[in-house]
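Readers should treat all values here as calculations from the given coordinates under stated rules, not as data from a laboratory. This one's a predicted model, so the numbers in the text were calculated from it and none came from an experiment. No Cβ is skipped: glycine too gets one built from the backbone with ideal geometry, and neighbour counts run over all protein chains shown.
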Amino acid sequence: MAKVSEIMPSPLFSVDPEDTLLKASGLMQQLSVKKLVATRKEIIYGIITADDITHHCDDYVNRSIRDVIRWIAPWVHDNIRVHRFGF
């Protein structure tokens, strides 16, 4: 039977748990990987996958759009509803 070390991906790439999804997805693309380990000071906090980012993309985009609207036109922010990937 094969050992874990024989089939696990190596090297292991990591991000800080406080990094943005945009940074993590960019790093995944740059390194051609689908998973990153979230670490800080040699403590493992979890694993983020490309699928995780995809599933949370909708919320992330909507929050970003709301932030931009709040910054550009704070007086209209309360009157705008952000829908899936748009206004």
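Given Cα positions, please report Rg to Rh for the stretch 4-79, the hydrodynamic radius being the Kirkwood one. Kindly include the intermediate steps, with their values, before the conclusion.
Details: Rg = 16.4 Å, Rh = 14.4 Å.
Rounded to two decimals, Rg over Rh is 1.14.
Fewest neighbouring Cβ atoms within 10 Å first, the residues Thr20, Thr39 line up as Thr20, Thr39.
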